[in-house]
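A short write-up of the structure that comes next.
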Amino acid sequence: MELSVLDIQGKETGKKVSLSDAVFGIEPNDHAIYLDVKQYLANKRQGTHKAKARSEVSGSTRKLGRQKGGGGARPGDINSPVRVGGGRVFGPVPRDYSFKLNKKVKQLARKSALSYKMKENAIVVVESLSAAFAAPKTKEFVALTKSLQVADKKALFVLPEVNKNVYLSARNISRVKVSIASELNTYDLLNAKSLVLTEDAVSAIEQTFKA
């Protein structure tokens, strides 16, 4: 399948780029997508939640009442979980939520997400942005999103390699994210309504996800 390459004014350059069916045209696997997104979100969890158990609460350990004759259960210390201000039973403790996911499943999930974008006609190919952003210019990047008709959508711009000027230009624009081909993840692909690829990023994506 082929897409026209646009310039930064949003006009066709006359060039076309061919997208590999092995990356952009597969039958999407929804379960692989689910697993990859689940792992991505799990890995972002800090897992630093903590509640104090009975032995960790600050308070006296003296016995509050006599053993017998009180007319009720034998009273424990003031840190007992049944008393106000006492410890918590089976409360949350720091833990690691991350889990292993096979590389082939991740590759399948990301190719599935790219294929969904292709089916939705949500992919735009633009010429290289390096020359246009010789210095950080947020105003020019806003104009670029308008020219490409993605200003009112969540847009993911994909570059072949790190470009600090492009990143700084887009950093303060809401609903715009810049990534590089080797760091694409399923969550970002699905979260974006429009996927903007530079001409060089297409081959970099295919090289990354060819397996």
TODO: Could you check Ser203 against (1) part of a helix (DSSP H, G or I); (2) within 26 Å of Lys44 (Cα to Cα) and say which number it fails?
DONE: (2)
Task: Considering residues of region 117-140 that are part of a helix (DSSP H, G or I) and within 20 Å of Leu189 (Cα to Cα) only, the residue least open to solvent (accessible area, probe 1.4 Å) - done: Lys117
- [ ] For region 31-39, state whether one or more residues are assigned to a loop (DSSP other than H, G, I, E, B) and open to solvent by less than 100 Å² (accessible area, probe 1.4 Å).
- [x] no
TODO: Scan Lys44, Lys15 and give me the residue that is of a type outside the set (A, V, I, L, M, F, W, C), in contact with a strand residue (DSSP E or B) (Cβ under 8 Å, 6 or more places away or on another chain) and open to solvent by 50 Å² or more (accessible area, probe 1.4 Å).
DONE: Lys15
Task: Qualifying residue in region 148-159 (condition: of a type in the set (S, T, N, Q), in contact (Cβ under 8 Å) with a residue 60 or more places away in the chain and not in a loop (DSSP other than H, G, I, E, B)) - done: no
TODO: Name every residue in region 172-206 that is open to solvent by 50 Å² or more (accessible area, probe 1.4 Å) and free of Cβ contacts under 8 Å to residues at least 24 places away in the same chain, in order of residue number.
DONE: Ser174, Arg175, Lys177, Glu183
Task: Among the candidates Pro92, Pro75, residue that is of a type outside the set (D, E, K, R), under 25 Å from His49 (Cβ atoms) and surrounded by 10 or more Cβ atoms within 10 Å (Cβ to Cβ) - done: Pro92
TODO: Filter region 10-45 down to the residues that are under 12 Å from the mean Cα position of the chain (by Cα) and of a type in the set (A, V, I, L, M), then identify the one that is farthest from Val124 (Cα to Cα).
DONE: Ala42
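Table: residues versus (1) touching a strand residue (DSSP E or B) at 6+ places or on another chain (Cβ under 7 Å); (2) of a type in the set (A, V, I, L, M); (3) closer than 21 Å to Leu6 by Cβ.
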| site | (1), (2), (3) |
| --- | --- |
| Lys117 | yes, no, yes |
| Val142 | no, yes, yes |
| Thr145 | yes, no, yes |
| Gln149 | no, no, yes |
| Ser203 | no, no, yes |
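The values are calculated or read from the model by the stated rules, or taken from the named source; none is laboratory data. In this text the structure is predicted, and so the values were computed from the model without any measurement. In this analysis, Cβ positions are derived from the backbone assuming ideal geometry, glycine residues included, and neighbour counts consider all displayed protein chains. Note: accessible area is taken over every heavy atom of the protein model, side chains too, but ligands, DNA and RNA are not part of it. Shrake-Rupley method; radii C 1.70, N 1.55, O 1.52, S 1.80 Å.
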